[in-house]
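What follows is one structure encoded as structure tokens, with my remarks underneath.
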Number of protein chains: 2
Amino acid sequence: MTHFTAEDISALGRIERLTLINSVTGYKPANLVGTASENGKTNLAIISSVVHMGSDPPLIGFFMRPMVTERHTMENILATGCFTINHVHHQIAEKAHFTSADFPREVSEFDRCALTSEFLEGFHAPFVAESKIKIGLELADKLDISLNKTMLVIGKITHLFFAPEVLEQDYHLNLNAAGTICVSGLDTYHSVDVLARYPYARPENTPEF
Amino acid sequence: MTHFTAEDISALGRIERLTLINSVTGYKPANLVGTASENGKTNLAIISSVVHMGSDPPLIGFFMRPMVTERHTMENILATGCFTINHVHHQIAEKAHFTSADFPREVSEFDRCALTSEFLEGFHAPFVAESKIKIGLELADKLDISLNKTMLVIGKITHLFFAPEVLEQDYHLNLNAAGTICVSGLDTYHSVDVLARYPYARPENTPEF
């Protein structure tokens, strides 16, 4: 086994460290966060830190760095109190990736990256028409992470849209049917296949391994 | 598109809501969190909420619910200030899944689920010998999430171990080479293939879509 200590990691160049540490947590979900300013200027950003925080109430979080490319998203969320999360699928992977470029404020990533903004049910933030699973959220809280000056943005689900074929009988969403992909590191996108599904784990149904 | 409002989600049965909302964020990393009590009793728990929080310092977070099955892990982290995160790969998927059963405190999931505890570099928390990517972390902070009484546990990486063939030249970790898998919903495990890798996105190298 190769072994890196904290000191070894700290001694890496910035890009090498970013690349390595973005890889170590495993596969990450590929999502597009859609927002609009108060006067309706849209913004779209790919983000890999979306995480399920709880089901009742239904809460989803993501981490926001205090950096230029993400500032438009955060400004819009603070100004309007809402955002959308939209799954990235095979056909839009490259377009989704390039939303991370640091475009000037007057450029909407929807236009530049040829993705279609869609306004549903009077919700202020734009959804991505191409996505097969999309979520509308209201800002529920934001927590400052003092250790590294990032912020945990917490949204409460107010709308959930998905292609009908994605819903299974037990309310599991079949992400393969939605074409949803995942990410590793900073730039590598992955297709996904079902390996196995196991029953709810209880001591009495645990196999003798 | 099928449309669920917040009220529709709230009206679901508990299990249906858990199943649905655990699916909506996309693919999640499959990791085993290893801990030990002060007197060395080991504990192992699969967890799907591990998230990259930053690279300098290298910080990783995960969410802990105030529930029985996870309390042993949290008690150990608070008592000893450290834990490990170990990737789940194809060959250990079923064993890893069943660590989530609510075993009595005297049962170590390492023993019951036939996974091998491994102590490296004098680190107090056990690593999973079978994993090809494993991380030792010290507890850096914990944040109470008042909205749902969960907790964000934040660890700083102090040790990183991986099989040599996993490291690429640019410090990206090849998760396919490590056999790492991902999870959707509560119980579905997925194998992963590389779809595409794209260059760092800048306005000037963004294709005309």
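The values are calculated or read from the model by the stated rules, or taken from the named source; none is laboratory data. Note that the coordinates shown come from a computational prediction; the quantities given were computed from them, not determined experimentally. Using ideal geometry, Cβ is built from the backbone for each residue, glycine included, and neighbour counts are taken over all protein chains shown.
For the stretch A:15-40, filtering for residues that are charged (D, E, K, R) and more than 7 Å from chain B (Cβ to nearest Cβ) leaves 1. Restricting attention to the stretch B:1-14, the residues being within 11 Å of chain A (Cβ to nearest Cβ) and either touching a residue at least 40 places away in the same chain (Cβ under 8 Å) or of a type in the set (A, V, I, L, M, F, W, C) (or both) number 5.
Candidates are the residues of the stretch A:85-99 that are surrounded by 22 or more Cβ atoms within 10 Å (Cβ to Cβ) and not in a helix (DSSP H, G or I); the one that is modelled with the lowest pLDDT is A:THR99. None of A:GLU106, A:GLU204, A:GLU121 is more than 16 Å from the chain's Cα centre (by Cα) and assigned to a helix (DSSP H, G or I) except A:GLU204.
Given the structure, is B:ALA196 closer than 30 Å to A:ASN174 by Cα and under 21 Å from the mean Cα position of the chain (by Cα)? Spelling it out, it is not the case that B:ALA196 is closer than 30 Å to A:ASN174 by Cα and under 21 Å from the mean Cα position of the chain (by Cα). On the stretch given as the stretch A:27-44, residues that are in a strand (DSSP E or B) and crowded, with 21+ Cβ neighbours inside 10 Å total 10. When A:VAL192 is tested against (1) among the aliphatic types (A, V, I, L, M); (2) at pLDDT 95 or above; (3) in contact with a Leu (Cβ under 8 Å, 6 or more places away or on another chain), exactly one condition is not met: (2).
Filtering the stretch B:42-75 to residues that are modelled with pLDDT of 95 or more and away from every other protein chain (no Cβ under 14 Å) leaves B:THR42, B:ASN43.
Just the residues that are more than 16 Å from A:ALA79 (Cα to Cα) and either buried (at least 18 other Cβ atoms within 10 Å of the Cβ) or of a type in the set (Gly, Ala, Ser) (or both), please, taken from the stretch A:120-135. Hits for the stretch A:120-135 are A:GLY122, A:PHE127, A:VAL128, A:ALA129, A:GLU130, A:SER131, A:LYS132, A:ILE133, A:LYS134, A:ILE135.
Are any residues in the stretch B:15-50 within 21 Å of A:HIS87 (Cα to Cα) and aliphatic (A, V, I, L, M), and if so, which ones? If the condition is that a residue be within 21 Å of A:HIS87 (Cα to Cα) and aliphatic (A, V, I, L, M), then B:LEU18, B:LEU20, B:ILE21, B:VAL24, B:ALA30, B:VAL50 are the ones that fit.
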